[in-house]
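Worksheet: one structure, shown below.
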Amino acid sequence: MAEAGTLHDAFLDELRDCYDAEKQLTKALPKMAKAASSAELRTAFEEHLEETRGHIERLEQVFESLDEKAKGKHCDGIAGIVEEGKNAMGEDFDDATMDAVLIASGQRVEHYEIAAYGTLVAWARGMGHNEAADLLQETLDEEKAADDKLTQIAEGGINQEAADAAHPSDDEEEAEEQPAPARMGRATAMDTSRGKRSRRK
């Protein structure tokens, strides 16, 4: 009977999953940056690309600290998120909507990685792999910061601009339904003046 795997085995498996995920993202992020209309969003993707390359190097340090060879295992989770983002980029959206969709795709990636790295940190601490835990915590902090940055960009105007573009006629329809107060005011003044002249006669 085969010996059952341990948490250490699961830990290595998850590390390999993250290693592959980060490599996939080094190919996806440049495409997301190119598709962005917002200069701020484009910069955020480009900056996170540099961080992602650092994450790969950091994972290699983690493997080294464990006397393991750095190698990846295909990450189906990130592959699916990247594919969804690719499909979205192929849609004919207006600029603001495309940026909003890109942010949503980026945050799906960040949330996946936050969950993965959070688990790795907890497992590493529990098994006494403190050097690995510290390195992984650095990456976890950067993933959380990247997610926060995307939220700030979305809430800084992109989401509202996209929402306004989705319903451009609402304000116009409301304006058409409102009476013209200035004209009515003049008409009332004229009627009052005529009434006074009539009484004088």
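The values are calculated or read from the model by the stated rules, or taken from the named source; none is laboratory data. Note that this is a predicted model, so its numbers are computed, not measured. Cβ: placed from backbone, ideal geometry, glycine included. Neighbour counts: every protein chain shown.
Observations, loosely collected:
- Residue match in segment 12-25 (condition: out of contact with any His (no Cβ under 8 Å at 6 or more places or on another chain), assigned to a helix (DSSP H, G or I) and more than 20 Å from residue 135 (Cβ to Cβ)): yes
- Any hit, segment 34-57, residues being more than 21 Å from the chain's Cα centre (by Cα), of a type outside the set (A, V, I, L, M) and on the phi > 0 side of the Ramachandran plot: no
- Every test in (1) touching a Pro at 6+ places or on another chain (Cβ under 7 Å); (2) not in a helix (DSSP H, G or I) is passed by residue 91 save one, and that test is (1).
- Output for segment 66-116, where each listed residue is over 20 Å from residue 35 (Cβ atoms), more than 14 Å from the chain's Cα centre (by Cα) and touching a residue at least 40 places away in the same chain (Cβ under 8 Å): 66, 68, 70, 71, 72, 73, 74, 75, 77, 116
- Comparison of 119, 43 shows that the only residue that is in contact (Cβ under 8 Å) with a residue 24 or more places away in the chain, assigned to a helix (DSSP H, G or I) and either crowded, with 22+ Cβ neighbours inside 10 Å or polar (S, T, N, Q) (or both) is 119.
- Selection status of residue 165, modelled with pLDDT under 95, more than 30 Å from residue 15 (Cα to Cα) and exposed (fewer than 11 other Cβ atoms within 10 Å of the Cβ): no
- Taking the numbered list (1) over 15 Å from residue 15 (Cα atoms); (2) touching a residue at least 40 places away in the same chain (Cβ under 8 Å); (3) buried (at least 21 other Cβ atoms within 10 Å of the Cβ) in turn, residue 29 passes all entries but (2).
- From the options 84, 40, 91, 47, residue that is in contact with a Gly (Cβ under 8 Å, 6 or more places away or on another chain), among the charged types (D, E, K, R) and over 18 Å from residue 135 (Cα atoms): 40
- Identity of the residue in segment 128-148, surrounded by fewer than 15 Cβ atoms within 10 Å (Cβ to Cβ) and of a type outside the set (Asp, Glu), that ends up farthest from residue 19 (Cα to Cα): 128
- The condition (being at pLDDT 95 or above, part of a helix (DSSP H, G or I) and under 21 Å from residue 136 (Cα atoms)) is satisfied by just one residue among 50, 68: 50.
- Yes/no for residue 113 being of a type in the set (Asp, Glu) and crowded, with 17+ Cβ neighbours inside 10 Å: yes
- Residues of segment 1-21 satisfying the condition of being in contact (Cβ under 8 Å) with a residue 60 or more places away in the chain and in contact with a helix residue (DSSP H, G or I) (Cβ under 9 Å, 6 or more places away or on another chain): 7, 8, 10, 11, 14, 15, 17, 18, 21
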